[in-house]
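Everything on this sheet refers to the single structure shown next.
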Amino acid sequence: MTKSAFKPKIVGFLCNWCSYAGADLAGVSRIQYPPTLRIVRVMCSGRVDPVFVLEAFRSGADGVLVAGCHPGDCHYLSGNYKAQRRILMLKKVLEQLGLEPERLRLEWVSASEGDRFATIVKDMTEEITKLGPSPLSVGGHFNVKK
Amino acid sequence: MLKKIGAVLVVGGGVAGVQTSLDLAESGFKVYLLDETSSIGGVMAQLDKTFPTNDCSMCILAPKLVGAGRHPNIQLITNAEIKKLQGEAGNFEVTVAKKSGYVNEEKCTGCGICAQKCPIEVIDEYNEGLGVRKAIYLKYPQAVPLVYTIDRERCIGCGTCREVCKADAIEIGSEKETVILNVGSIVLAPGFDEFDPNLKSEYGYGRFSNVLSSIEFERILNASGPYGGIILRPSDGEIPRKIAFIQCVGSRDAKIGNNYCSSTCCMYAIKEAVIAKEHNPQLQCTIFFIDARAYGKEFDAYYDRAEGEYDVRFVRSRVSRIEERPSSSNLIAKYVNDKGPVNEEFDLVVLSVGMNPPKHAEDLARVLGIELNEYDFCSTQTFSPLETSKPGIYVCGAFSSPKNIQESVAQASGAAAKVAGLISQEKGTLTTVKEYPPEREVSDEAPRIGVFVCRCGINIGGVINVPEVVEYVRTLPDVVYAEENLYTCSQDAQKRILETIEEHNLNRVVVASCTPRTHEPLFRETVRDARLNIYLFEMANIRDQCSWVHMHEPQKATEKAKDLVRATIAKARLLKPLPKPLINVTPVGLVIGGGLSGMTAALDLAKQGFEVHLVEREKELGGNLRHIHYILGSEDPQQRLTSTIKEISENEKIHVYLNTELVDVTGYVGNFRTTLNCNGERKEIEHGIAIVATGAHENKPTEYLYGVDERVVTQRELEEKLAKGDFEARTVVMIQCVGSRNDERPNCSRICCAQAIKNALKIKEVSPKTDVYILYKDIRTYGFKEDFYREAANKGVLFIRYDNENKPKVTQENGNLNVLVWEPVIETSIPIEPDLLVLSVATIPNPDNKRMAQMLKVPLTEDGFFLEAHVKLRPVDFATEGIFLCGLAHSPMFVEESISQACGAAGRAMTILSKETLEVEGAIASIDENLCVGCGLCVSLCPYRAIEKDEKGTARVIDVLCKGCGTCGASCPKRAIMIRYFTDEQILAQGLAALGRTPHD
Ligand code: FES
C-alpha cells in the first residue's frame, strides 16, 4: 500500500460522561474530522482494560484512542487517574512489542470540547498516517524486543 | 381548609429549580417546572468552568437536565410566566401564560435542519451577543427540552423551516395558551440577572469593544463559545496579552443603589483568570479588587494557587476610569496605588458584573403576594432562609440573596424538604408509576436481532446511504430483521418497533441513530413495553459521531456507519438480560449531632412522617447555638433555641439520645445498623439514611497573649460579656484571621468578619463612646452583610488592614496592653492601648471527625472537615449513598446557611426514605468467586466502597453501592470481575468488529 492511499483505522474507547459527550458535541457543531475513528462507548475511562487495547492492535488497529474526563472531573471520582497509569504502562509494553507508542493516545475531553475532540482525531490521523500501517495490520505479529 | 394537593410548581429552570424538581419528583410529588425561556439550564449552562475545582460546567449539569427532562413526574413548561395566584398553602391555583414557540413540542425531534436552512441570522443571547444564531433556534446545543423555537420578532415568515421539517412540527399559526395548575406548594428559583455594565459609564462598556462583561468572557473561554475557546479581542480578533479584571461592578456601590456584595464575583474572576492562563500561559492577568472575598470551603486555597502557581496579579485598588486608545483599541485603566496615580494599558478589560434581582422580581412578588427586601431580592429571615413571607411558597438560590452554585443547590434540596413537610400526606397521589408487562424469558433463545436505522430527516439520510446500510445489516449474523425509519424516535416508530419485536419474535434490538446519551432511555422503554429486558437494547451513533462530522464524504461516512452498526450488533449478540433487584428501605433516619443543623434536619424529616434518631454526645441539645446571643437583623437566637428544643421533645417521631456516641455502623443505603453507646449502655438502631451534623469548634488561640492576659478574649467570650451586660472598655481592638488564612490553616473561617462587626456594633450600641478598631486582612461581609460593614464604618468603627508580613504586635507594658499596628496608608506603625483585645479565632473541625469518618467510610478534607460528594452539585451528599452532611461539619458557615444545608440534607434523605424499595442498577460489577483469589485490589480501588471481602476472604460486590464504572474489572489480575452490559467479551466484540474482525479471527 502506498503511504498516501493509507487510511488509518483507529479504535476509540470513550467514557460516557465527558468524552463521548464531547464527540457528540463535535457533531452537533458540525465540526468535520477524518472518518478514521470507530468509537466504543464505555462508562468510564477507568473501565479500559489493557487487554482491550492490545487486542485492538492485534486485530489490526493502526491506533487506539482512550479518552476520559479531565483530571478531577471523572464521574466516578478517580477512574481517569487509573486509566492514566494503565496507559503509561501500556505504552512501554507497546514499545517492547515493537509498536510505536504514539499509536496509543490518552486524551482528556470534556463535554464542551467538541472542537478539541475533532482536533485530536485530526492530529492522531495525521500522525499515524505518517507512521504508516501498523506492522500488525499488514499481517505482522507482535514482535517482542529482547 | 382546602384539600391539600400532591403537586408542586417550581419557578425557574436553573440549577436550583432543576435540583428541587428532581428531589420532589423522586420523593413522590408531581412537579411542574416552569421557565420563562425555551429551555432549562439557567446561567450555569452558560458557564465554562466552575470554581474551586474547575469542573466543566456543562459536563456536570447536562445529566441533571436530561434527568429532569425525562422524569415521568416532571412536566416542563417553557416560555411561560405566572399571571395569577389563588388559594392557600396546600392548595393553590396558578394561572400560567405560555407563549408559543411555534414548533410542536411533541413532533419536533431537535434534528436542527430548520435552523440550518433558516435564512435569518440573529444575535445569539446564549453567547452573550458575541455570536449569531438563526431565527429558528435552540438556546444551546444540549438544550432540554430539545425543541426548536421560532423567534417571531426576527422571523420573516418565509416558510423555509416548514418546508424542510420532515417531522411536520412547525406551527406558525399557534398562539399564547393559558394553563391552570393546581398545586400544593410553590418553590421560587428564578435566579438573578446580571448587572447591566452600561450603567457604569466610566468603564466604557458598550463604547469600547474590548471591554467585556464577565459572562461574555466566560463564553469566550468556552470551547463551544463564539471563538471556539480561543481568547480573542472582539475589536480585531487579535490574541490579547494583558487582561484586567475589575471587581465590584454593580456591587458594593451606593451610587447605583447596589450596596450589597454579590458574593461570587471574586471567585469567578479568579477562576476566569486561571482558566485564561491555562489557555495561554503567556497571558498576564490582573485583578483589581477591594477585598478578596474567597470565603467558602477551600476558596482561599484556590486564591493562593491563582497568585502563586498561575501568577495572577492582584491589585488592591478601585479603577476609577477606563479610556480607549483609538489607534490600537487598547484600554487605559486609571487607578491609584501606594505610589500615586497610575495609567496602565491593557488589551482587554473584563468587568466582574454583580448579581441583580431577576428582572421580573416585582411582578412576581405582586402576583404571588410575597415580600421583597430593599434591594428587590426575595425577603427571608435568618431562621427561615427558605421561606418567603407567604406560607406555602418557598425560595432557593440567588433570588433570596446573591450566592454561588453549591449554596443554591443545597437550598434547592432544602426547599424540597420544606414542600414535602407541608404536603407529605399527599405523597404519591398524583405521580404515575408506569406498569410494564412481565418480561419475556429469552436466556435460552439464540439471538434474534432487529435493527432500526434512522434517517433523522436528512441529518443522517442526507449523507449516509441508509438503504445500503440496511441491506448490509441484513447480511450480518443473527440479524433477522432490519428496516429504515424517517425518525426512529417518533411516536409512531415506537409503535412499529413494538409490533416488529412481537411479530418477528426479536430478542435483541439495535437502533442506529443519534446518541444514547439522550435517546437510550426512550428506546429502552419501548423494548420494555415489548416485554424485553432493557439491557437487550443497544445503540449505534451514526449521526452525531458520523453523518454530522463527515458531511462532505458521503461514501466514507456510509462505510463508517456500516462499521459502527456492525460493531454494535456484535455487542448486541452477547447481551444478556440483567436483573434490577429491589432492596427494601427502612424509613428511619439517623441524625448525628444535636446542634442547630442536626435539630433542623431531624425536625424536617419528622414533619414528613419519618421516624428519626437524634444523637448528641453532650448532655443537652443546642451545640454552638448555645453561645450565640444575638444576630444582626434576626430574632433572639436563645429564644429560638428554646422553642426548637421544645418542638423536638414534643415530636413523638424524634428519639433523642443525649450523652451518646456512635460505636459502630454497618450496612448500606436503606439498611444501616448502628450501635450506640448511650451513657454506657449499648443500643442498636436500624435506619435507612444517616445525616452527619457534628458541628465544629472555636479554636483556642496560642498567640497575642491569649491565656496570659485576661484582657485578651475571643469573639465568643466578648459576646458572652455583652450579653451578660458586663462589658466595660474605652478602647477595644479586634484582630481578624487569628489562626485562619495562615500556613497551618490556609482557608478562611468565613463567619469571623461578620461576627466582629456584629460585636463592634453591639459595643457602639451599649457604649457609644468606646473606640473600636478592627485589624483585618480582607473584610468578607458578603451578600447583604455588607450593609452592616457600612453601618459599622459610619458609626466610627475603625478598620485597619494588615497582612501576613506586618502582623500586629501585642505586648504587655507596665500592666497595659499594647498593640502596634502598621498603617499602610500613612506608612507608620501606630500604637493602641486597648483595655480589651478581641481575637477573631478560627473555626476548627471537630477532633472526632477522623473516627467518625472511618466508621461511616466517608472522606475528610485536608483541613479535617467532611468532604462532600461533589462541591457544586452534591454539596450535602457523600459519595457513599445514603449518608448526608450539613452545617459546620461541612465547613464554617452562618446560622442561615447551616439551616439551609440541614434542610438540604433532609431533602436529599427524603428521596431515599420516601421509597419503599430502591431499584439497583443492572449494569454493575459481579465477581466470580471461583476465580477470585482475595487479593483485595478491587476493594481498595472502588471509589464507592462497593466491594468487600466475605468471611472466606473472597471479594463480593455490594450491588446497591456499585455504580458500574468498571474500574475494578479493568484491574482484576484474575479476570474474576464481570462488568455487566460492558463485559470484556462485549467490549472486545464491539471493538474488533469495528475493525472488521471477530474475537476468534
Ligand atoms: S467518567 Fe469520564 S473518565 Fe471516568
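The values are calculated or read from the model by the stated rules, or taken from the named source; none is laboratory data. No experiment lies behind these values; they were computed from the predicted model shown. Ideal geometry is used to build each Cβ from the backbone, glycine not excepted, and the neighbour counts take in all protein chains shown.
A few notes on this one:
- So B:Glu445, is it in contact with a helix residue (DSSP H, G or I) (Cβ under 9 Å, 6 or more places away or on another chain) and either of a type outside the set (D, E, K, R) or closer than 26 Å to B:Met539 by Cβ (or both): no
- Residue in region A:25-38 that is closer than 20 Å to B:Glu985 by Cα and facing chain B (nearest Cβ under 7 Å) present: yes
- Matching residues, region B:422-473, being in a loop (DSSP other than H, G, I, E, B), closer than 30 Å to B:Leu603 by Cα and β-branched (Val, Ile, Thr): B:Thr429, B:Thr431, B:Thr432, B:Val433
- Listed here are the strands (runs of 3 or more DSSP E) enclosed by region B:674-732 that have at least 1 residues being farther than 20 Å from B:Leu888 by Cα, out of contact with any helix residue (DSSP H, G or I) (no Cβ under 7 Å at 6 or more places or on another chain) and of a type outside the set (Gly, Ala, Ser): B:681-687, B:712-714.
- Residue in region A:113-126 that is within 18 Å of A:Leu14 (Cβ to Cβ), away from chain B (no Cβ under 14 Å) and surrounded by 15 or more Cβ atoms within 10 Å (Cβ to Cβ) present: yes
- Scanning region A:95-112 for residues that are buried (at least 16 other Cβ atoms within 10 Å of the Cβ) and either within 16 Å of the ligand (Cβ to nearest atom) or among the small types (Gly, Ala, Ser) (or both) yields a total of 8.
- When region B:821-849 is filtered for residues that are modelled with pLDDT of 90 or more and not in a strand (DSSP E or B), the ones remaining, listed by number, are B:Glu833, B:Pro834, B:Asp835, B:Ala842, B:Asn846, B:Pro847, B:Asp848, B:Asn849.
- Breaking point among (1) within 10 Å of the ligand (Cβ to nearest atom); (2) more than 7 Å from every other protein chain (Cβ to nearest Cβ); (3) without any contact (Cβ under 8 Å) to a residue 24 or more places away in the chain, for A:Lys92: (1)
- Residues satisfying the stated conditions in region A:74-89, i.e. surrounded by fewer than 17 Cβ atoms within 10 Å (Cβ to Cβ) and more than 10 Å from the ligand (Cβ to nearest atom): A:Arg85, A:Leu88, A:Met89
- Any hit, region A:56-65, residues being within 16 Å of the ligand (Cβ to nearest atom) and either among the acidic types (Asp, Glu) or within 7 Å of chain B (Cβ to nearest Cβ) (or both): no
- Residue, farthest from the chain's Cα centre (by Cα), within region B:526-582, restricted to residues that are free of Cβ contacts under 8 Å to residues at least 24 places away in the same chain and crowded, with 22+ Cβ neighbours inside 10 Å: B:Lys560
So that you can scan it fast, the table gives a plain yes or no per residue for (1) at positive phi; (2) modelled with pLDDT under 95:
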residue: B:Gln638; (1), (2): no, no
residue: B:His655; (1), (2): no, no
residue: B:Glu661; (1), (2): no, no
residue: B:Gly680; (1), (2): yes, yes
residue: B:Ile689; (1), (2): no, no
residue: B:Pro701; (1), (2): no, yes
residue: B:Tyr706; (1), (2): no, no
residue: B:Gly725; (1), (2): yes, yes
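- Residue match in region B:12-32 (condition: modelled with pLDDT under 90, surrounded by fewer than 23 Cβ atoms within 10 Å (Cβ to Cβ) and outside the structural domain of B:Arg162 (by TED's automatic domain parsing)): no
- Any pair with Cβ under 6 angstrom, 6 or more apart, that starts in region B:454-482 at a residue that is on the phi > 0 side of the Ramachandran plot and ends at one that is in a loop (DSSP other than H, G, I, E, B): B:Cys456/B:Cys111; B:Gly457/B:Cys111; B:Gly457/B:Lys166; B:Asp478/B:Pro447; B:Asp478/B:Arg573
- Taken over region A:42-55, the residue count meeting the criterion of being buried (at least 23 other Cβ atoms within 10 Å of the Cβ) and more than 7 Å from chain B (Cβ to nearest Cβ) is 2.
- Members of region A:6-24 that are more than 8 Å from chain B (Cβ to nearest Cβ) and polar (S, T, N, Q): A:Ser19
- Test result for A:Pro71, part of a loop (DSSP other than H, G, I, E, B), surrounded by fewer than 21 Cβ atoms within 10 Å (Cβ to Cβ), more than 9 Å from the ligand (Cβ to nearest atom) and more than 7 Å from chain B (Cβ to nearest Cβ): yes
- In the set (1) modelled with pLDDT under 95; (2) out of contact with any His (no Cβ under 9 Å at 6 or more places or on another chain); (3) closer than 28 Å to B:Cys165 by Cβ, B:Val509 fails one condition alone, (1).
- Whichever residue in region A:1-43 is assigned to a strand (DSSP E or B) and in contact (Cβ under 8 Å) with a residue 40 or more places away in the chain and, among such residues, is nearest to the ligand (Cβ to nearest atom): A:Cys15
- In a residue-by-residue description of region B:110-129, the property of being in a strand (DSSP E or B) and touching a Gly at 6+ places or on another chain (Cβ under 6 Å) applies to at least one position.
- Subset tally (residues that are more than 16 Å from the ligand (Cβ to nearest atom) and within 23 Å of the chain's Cα centre (by Cα)) for region B:960-977: 1
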